[in-house]
């Protein structure tokens, strides 16, 4: 997989629409698409590269923001992150979204639905959390939980979650038609890596707050979850909103890969700064004419 | 002002509650509290220092987040940024909030109120924008606009905006009593610095999106705005939510100062990681017992 042509990582990591993904055949410790120049210390190289990709992401993001703010662009970008527990959703958000201007980010974590959320259609809370024009949204978990945990724990009947694939596809098609670029990433870790990460949380008292005893119970459903992921990725990887599987045992590869996928998606948009709708020379004259204020007076009220 | 004792910048920049601030007496190009060790290249020193302060902020922020997530802490922190146009609210947000984990930030920009917002009390939209427990909120403009622009442009009668000072104080007292630490910062620039910054926006086509012809009109009200600021800072600098005036002509000082104010506010909270409410040894045994999943099967539905 290593060569020195400019890599289009999306082609390498995409779940081919219409095809069937086999997660068991994707090595969670792999580094697909990592260029040869990453050398013998790929961790060092990717960390350095992430800084430069991050600068690009921030630059694209500013143009996206400017286009909505001063132009009439409806464009926005949405990163959807899904993973098994300890798969690195939080870490990826911190490292990758952290390279951008926080003022233009809209990050939403989806937890267990509230009674009010459950009383609505499953997409209700998701619609309410969408980024507005000009923003980069990040979903930490998403509407895909409704075909993952909902299926594995039989929270709804099979007929219900099976119908959701098509509902999700329609929803995402509408979003893309209305200016949202969707980048869906499954962070793919191994059963053993999950064990090691849970153990690290138990070993370190400053990580106990992240530990949830239920995570160990959930491990008992590993195979069922992998199956549910496989079906969701297969059914919902479309031309307009494809899924990417990012091997995520190695955090340095994971961060580099997700940042690269975002940069590629941004590049396609060819975003430019909007032109001003004012006469620069006239504004310059008006500015020059704005006189010095009277010496500051203290108001006596 | 330069010495090498550990500086408590809050004492230096605070508008003394009960006193009267005179903005005309505060040099917008000053660097109060900057330590002697900043040396002859304070720009270089403060930029480097900002990285280290940023690391501390991110660490405090994680404990704040953990306390709400896994403990029962109601603590949160709210940075309120106010300034004249071009005063650096966006830049400060990017540079200072940008050092923290974006997942734990809640940044809200307040623009011209919508008809719906105007139909409510002036604090309605502000209450809806407050950070929840565990989060760091940033207000880019705030409820103070309702005693600034509303006063200068006579959007409400004097009796109305005068009453708001006390309403704001009550509101902020309630917030602080319920776990919110409020850090209110006025970024203080000069009339000439504003002119230079507006000119920069006109000079650079990639900054035209930030340019608004109305900004030049607003310059005509400079003195009225300074008076309105002076009264707001005087009336609403309280023991529980004091105002800080940060000289902001020099961006490197401004960012260093705001980051330092936040670090000092965080330090007072003495935040610690919450203790786990589980038996570590028992969890370790449960984890070790979680067996390897059956080899991955492809579901045939």
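Structure notes:
- Hits in the range A:165-210 - residues which are surrounded by 17 or more Cβ atoms within 10 Å (Cβ to Cβ), within 14 Å of chain B (Cβ to nearest Cβ) and either touching a strand residue (DSSP E or B) at 6+ places or on another chain (Cβ under 9 Å) or under 15 Å from residue A:229 (Cβ atoms) (or both): A:188, A:189, A:191, A:194
- Some residue of the range A:89-98 being in a loop (DSSP other than H, G, I, E, B) and surrounded by 23 or more Cβ atoms within 10 Å (Cβ to Cβ): no
- Residues in the range B:211-242 that are assigned to a helix (DSSP H, G or I), closer than 20 Å to residue B:16 by Cβ and either in contact (Cβ under 8 Å) with a residue 12 or more places away in the chain or in contact with a strand residue (DSSP E or B) (Cβ under 9 Å, 6 or more places away or on another chain) (or both): B:226, B:228, B:229, B:230, B:231, B:232, B:233, B:234, B:235.
- Only a single criterion out of (1) more than 10 Å from every other protein chain (Cβ to nearest Cβ); (2) over 24 Å from residue B:236 (Cβ atoms); (3) touching a strand residue (DSSP E or B) at 6+ places or on another chain (Cβ under 8 Å) is not satisfied by residue B:103, namely (1).
Listed here are the residues, each with its yes/no results for (1) part of a helix (DSSP H, G or I); (2) modelled with pLDDT under 95; (3) in contact with a helix residue (DSSP H, G or I) (Cβ under 7 Å, 6 or more places away or on another chain).
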position	(1), (2), (3)
B:11	yes, no, no
B:21	no, no, yes
B:27	no, no, no
B:45	yes, no, yes
B:57	yes, no, yes
B:60	yes, no, yes
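- Only one of the listed residues (B:130, B:81) is surrounded by 21 or more Cβ atoms within 10 Å (Cβ to Cβ) and in contact with a strand residue (DSSP E or B) (Cβ under 7 Å, 6 or more places away or on another chain). That residue is B:81.
- The range B:232-243, subset touching a helix residue (DSSP H, G or I) at 6+ places or on another chain (Cβ under 7 Å) and buried (at least 22 other Cβ atoms within 10 Å of the Cβ), residue nearest to residue B:185 (Cα to Cα): B:243
- Test: residue in the range B:279-288 that is within 14 Å of another protein chain (Cβ to nearest Cβ) and farther than 26 Å from residue A:208 by Cβ: no
- Test result for residue A:160, surrounded by fewer than 19 Cβ atoms within 10 Å (Cβ to Cβ) and outside any helix (DSSP H, G or I): no
- Residue A:1, sole failed condition from (1) modelled with pLDDT of 95 or more; (2) touching a helix residue (DSSP H, G or I) at 6+ places or on another chain (Cβ under 9 Å): (1)
- The residues of the range A:180-193 that are over 30 Å from residue A:240 (Cα atoms) and touching a helix residue (DSSP H, G or I) at 6+ places or on another chain (Cβ under 7 Å) amount to a single one, A:191.
- Any hit, the range B:128-139, residues being free of Cβ contacts under 8 Å to residues at least 12 places away in the same chain and farther than 27 Å from residue B:253 by Cβ: yes
- Single residue of the range A:58-78 satisfying the filter (within 12 Å of another protein chain (Cβ to nearest Cβ) and within 17 Å of the chain's Cα centre (by Cα)) that is farthest from residue A:174 (Cα to Cα): A:58
The values are calculated or read from the model by the stated rules, or taken from the named source; none is laboratory data. Here the structure is a predicted model, which means the values were calculated and not measured. Ideal geometry is used to build each Cβ from the backbone, glycine not excepted, and the neighbour counts take in all protein chains shown.
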